[in-house]
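Peer 1: Structure in structure tokens, see below.
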Amino acid sequence: MPIRKESATDFARLLEASRSAAALSGAGCSTNAGLADFRGAKGLYNSGKYDPQKLFDIDEFLKEPGYFYDFARDFTQQFKKIKPTFTHHFFSALEKTGKLKGIITQNIDALHQKAGSVNVVELHGSFWTSRCMSCAREYSYSEMEPKILSAEVPRCGCGVVIKPDIVFYGEGVKRLGESVKLACESDLFIIIGSSLEVYPAAAIPDSAYGKIVLVNKGPVNIKAERLSLNISDDLDDFFMAVADELQLSV
Ligand SMILES: [Zn+2]
């Protein structure tokens, strides 16, 4: 039996036995969507165009928000084009069966929601909403898009800079308690497309007392003995094989 088929069968058996699964997704989950993995070879971190440390540093943002919004203009162009991948749709379908209780994500691209997932815990926030740094008025993405494209720095009606609800370096992650609870209550914890290099997301699997499975292309910062399954494969190809095995319509 080819390796992918064998791994997909093993994965499907674990899912069938699970009554309460949860997942954690990272940048690798969105690579096939055309959004460059920030840390990958072609990712923003390595493009040289922006310095990611400066880009997502809250002190830098407060000093010079224009630097961030130059990037945001680029990101917005990509954001319009990207669509959820098979993997995003797979996890949305799995949630509808009642088996998957929620998905924690390190991604800010809102692709899980676009695929129809409901319980999405965005640890690092997202571009979906933004907020005035003074009066806290909330702006939707559709309100922000024209502002990002036309103004050097989008400002609120009150005159103060608007900040997207993404988590910058120097800010605390969002909804960590809910993430830990999801992991803690799961009997199967699925890590997809994360190298677990960024804390505190990297520590969330420590709260999972049940089985842990990993699907990622490339090395991951987790002890191999904690894993019931360790799959290194293309995410979409792999989850297509799992969907076949489960006869899950995605
Ligand atoms: Zn305001």
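Peer 1: Output yes when any residue across the stretch 74-86 is within 16 Å of the ligand (Cβ to nearest atom), out of contact with any strand residue (DSSP E or B) (no Cβ under 6 Å at 6 or more places or on another chain) and at pLDDT 95 or above, and no when none is. Before the answer, list the steps.
Peer 2: Residues of the stretch 74-86 that are within 16 Å of the ligand (Cβ to nearest atom), as a first pass: none.
No: zero hits.
Peer 1: What single numbered condition from (1) outside the structural domain of Asp74 (by TED's automatic domain parsing); (2) under 19 Å from Pro84 (Cβ atoms); (3) of a type outside the set (S, T, N, Q) fails to hold for Tyr141?
Peer 2: Only one criterion in (1) outside the structural domain of Asp74 (by TED's automatic domain parsing); (2) under 19 Å from Pro84 (Cβ atoms); (3) of a type outside the set (S, T, N, Q) is unmet by Tyr141, namely (1).
Peer 1: Restricting to the stretch 17-44, give me the number of residues that are modelled with pLDDT of 80 or more, farther than 23 Å from Leu246 by Cα, part of a loop (DSSP other than H, G, I, E, B) and more than 11 Å from the chain's Cα centre (by Cα).
Peer 2: 0
Peer 1: Given the conditions (1) at pLDDT below 95; (2) within 30 Å of Asp237 (Cβ to Cβ), report the number of the one that Thr129 does not fulfil.
Peer 2: With respect to (1) at pLDDT below 95; (2) within 30 Å of Asp237 (Cβ to Cβ), Thr129 is out only on (2).
Peer 1: In addition: Under 9 Å by Cβ, and 6 or more places apart or on different chains, what pairs join a residue from the stretch 45-62 that is within 11 Å of Gly170 (Cα to Cα) and modelled with pLDDT under 80 with one that is among the aromatic types (Phe, Trp, Tyr) and crowded, with 18+ Cβ neighbours inside 10 Å?
Peer 2: none
Peer 1: Now, a different point. Report, by residue number, each residue of the stretch 1-28 that is over 14 Å from Phe239 (Cα atoms), touching a helix residue (DSSP H, G or I) at 6+ places or on another chain (Cβ under 8 Å) and open to solvent by less than 40 Å² (accessible area, probe 1.4 Å).
Peer 2: Of everything in the stretch 1-28, those that are over 14 Å from Phe239 (Cα atoms), touching a helix residue (DSSP H, G or I) at 6+ places or on another chain (Cβ under 8 Å) and open to solvent by less than 40 Å² (accessible area, probe 1.4 Å) turn out to be Ser20, Ala21, Ala22, Leu24, Gly26.
Peer 1: Which residues, counting only those in the stretch 116-155, are within 16 Å of the ligand (Cβ to nearest atom), hydrophobic (A, V, I, L, M, F, W, C) and surrounded by 19 or more Cβ atoms within 10 Å (Cβ to Cβ)? Quick ask: steps written out before the conclusion?
Peer 2: As a first pass, look at the stretch 116-155 and keep what is within 16 Å of the ligand (Cβ to nearest atom): 129-140, 143-144, 147, 151, 153-155.
If we keep only those that are hydrophobic (A, V, I, L, M, F, W, C) as well, we get 132-133, 135-136, 144, 151, 153.
Passing the criteria: Cys132, Met144.
Peer 1: Also, I was wondering about something else. For the stretch 182-203, give me the residue count where each residue is at pLDDT 95 or above and of a type in the set (Phe, Trp, Tyr).
Peer 2: Residues flagged as at pLDDT 95 or above and of a type in the set (Phe, Trp, Tyr) within the stretch 182-203 amount to 1.
Peer 1: I'd like the full set of residues that are outside any strand (DSSP E or B), among the aliphatic types (A, V, I, L, M) and closer than 23 Å to Gly98 by Cα, limited to the stretch 208-250. Don't jump to the end; show me each part of the working.
Peer 2: To start, the set of residues in the stretch 208-250 that are outside any strand (DSSP E or B) comprises 208-210, 216-226, 232-250.
Now drop any that are not among the aliphatic types (A, V, I, L, M), which leaves 208, 220, 222, 224, 235, 240-243, 246, 248, 250.
Across the stretch 208-250, the qualifying residues are Ala208, Leu235, Met240, Ala241, Val242, Ala243, Leu246, Leu248, Val250.
Peer 1: I want to confirm something. Restricting to the stretch 157-181 and keeping residues that are within 16 Å of the ligand (Cβ to nearest atom) and at pLDDT 95 or above, which single residue is least open to solvent (accessible area, probe 1.4 Å)?
Peer 2: Filtering the stretch 157-181 for residues within 16 Å of the ligand (Cβ to nearest atom) gives 157-165.
Still in the list and also at pLDDT 95 or above: 157-163.
Working: Gly157: 82, Cys158: 71, Gly159: 38, Val160: 51, Val161: 21, Ile162: 0, Lys163: 24 Å².
Result: Ile162.
The values are calculated or read from the model by the stated rules, or taken from the named source; none is laboratory data. Owing to the predicted nature of the structure, the values given are computational and were not obtained by experimental measurement. Don't worry about glycine lacking a Cβ; one is built from the backbone with ideal geometry, like all the others, and counts go over all protein chains shown. With ligands, DNA and RNA removed, areas are computed over all heavy atoms of the protein, side chains included. Shrake-Rupley method; radii C 1.70, N 1.55, O 1.52, S 1.80 Å.
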